[in-house]
Amino acid sequence: MLGLKLPTDPRWATAAQHHLEDLLTDHAYCEQKAASTAISLLVTYPEHTDLVREMAALAREEMSHFELVHQLIVQRGFVLGRERKDEYVAALQLHFPKTKDRNLRLIHRLLVAALIEARSCERFRVISETLEDEELARFYRGLMASEAGHYTLFLRLARETAGRDQVDPLWEGLLEYEKNVVATFERPQHIHG
């Protein structure tokens with residue numbers, strides 16, 4: 001369903017268990033950045049009424065996820081660490097060339113956001129099947145459906161904005177590009193690592 005071209009190596013989740021504080025901190029900031037992206041999209045493209053409505057709801061949901069992850073951090077006696085640059089996201093953003101075409105920039109941003117959500121969904125599945133901490137495993141299983149919904153939301157918005165004929169080839173190209181990006185990351189303390 002997600003269309004990812006390279007599945008996560010299960011060894012990532014096994015290693016991630018040994019870096020839970022860092023993983024949870026990274027996850028918390030991923031949720032905060034997702035909320036920021038939603039806000040940025042609705043501020044930048046206010047003329048897209050459906051987008052504004054959907055992004056306002058998404059920003060609230062992503063911040064509620066941030067709060068849930070922060071609660072897990074505190075319950076385990078950890079402290080929310082400092083934000084780290086998400087090199088995976090930075091690499092994805094390099095795929096599309098800069099353009100002055102406002103509509104095309106929107107499509108690019110929606111597709112990158114869709115892919116980030118798809119990879120997060122897949123990672124949450126993998127980690128939920130690997131974690132020995134049953135509470136965390138349940139937590140990540142519960143978030144999978146939400147991430148899948150976000151993935152389909154961004155992809156739907158892109159297709160509604162420009163049509164499948166324009167969007168689907170861009171999406172396929174991004175998926176192929178992401179396969180090579182994700183193959184180079186080996187940081188189990190990062191959600192997209």
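The values are calculated or read from the model by the stated rules, or taken from the named source; none is laboratory data. Model, not experiment: these values are computed from the prediction. Note: ideal-geometry Cβ built from the backbone for every residue, glycine included; neighbour counts use all protein chains shown.
Tell me which residues, restricted to the stretch 68-94, are in a helix (DSSP H, G or I) and of a type in the set (V, I, T). Show your work before the answer.
As a first pass, look at the stretch 68-94 and keep what is in a helix (DSSP H, G or I): 68-75, 87-93.
V69, I73, V74, V89 - these are the residues of the stretch 68-94 that are in a helix (DSSP H, G or I) and of a type in the set (V, I, T).
For the stretch 80-92, filtered to residues that are surrounded by 13 or more Cβ atoms within 10 Å (Cβ to Cβ) and of a type outside the set (D, E), the residue that is nearest to the chain's Cα centre (by Cα) is V89.
When A59, A28 are checked against the criterion of being farther than 21 Å from W171 by Cα, aliphatic (A, V, I, L, M) and surrounded by fewer than 20 Cβ atoms within 10 Å (Cβ to Cβ), a single residue qualifies: A59.
Whenever a residue of the stretch 89-112 is closer than 18 Å to H48 by Cα, its partners that are β-branched (V, I, T), lying with C-beta atoms within less than 7 angstrom and at least six residues away or across chains, give the pairs N103/T161; R105/T99; L106/T161; I107/T161; I107/V167.
Regarding the stretch 66-73, can at least one residue be identified that is among the charged types (D, E, K, R), under 17 Å from A114 (Cα atoms) and surrounded by fewer than 16 Cβ atoms within 10 Å (Cβ to Cβ)?
no
Can you say whether L175 is touching a Gly at 6+ places or on another chain (Cβ under 6 Å), outside any loop (DSSP other than H, G, I, E, B) and touching a residue at least 60 places away in the same chain (Cβ under 8 Å), as far as the supplied structure shows?
yes
Scanning the stretch 150-184 for residues that are within 15 Å of the chain's Cα centre (by Cα), modelled with pLDDT of 95 or more and closer than 28 Å to L68 by Cβ yields H150, Y151, T152, L153, F154, L155, E178. Yes or no: R187 more than 15 Å from the chain's Cα centre (by Cα), on the phi < 0 side of the Ramachandran plot and at pLDDT 95 or above? When the stated conditions are applied, R187 does not pass them.
Take I107 and decide whether it is of a type outside the set (D, E), part of a helix (DSSP H, G or I) and modelled with pLDDT under 95. Write out each step before concluding.
Values: of a type outside the set (D, E): yes; part of a helix (DSSP H, G or I): yes; modelled with pLDDT under 95: no.
Spelling it out, it is not the case that I107 is of a type outside the set (D, E), part of a helix (DSSP H, G or I) and modelled with pLDDT under 95.
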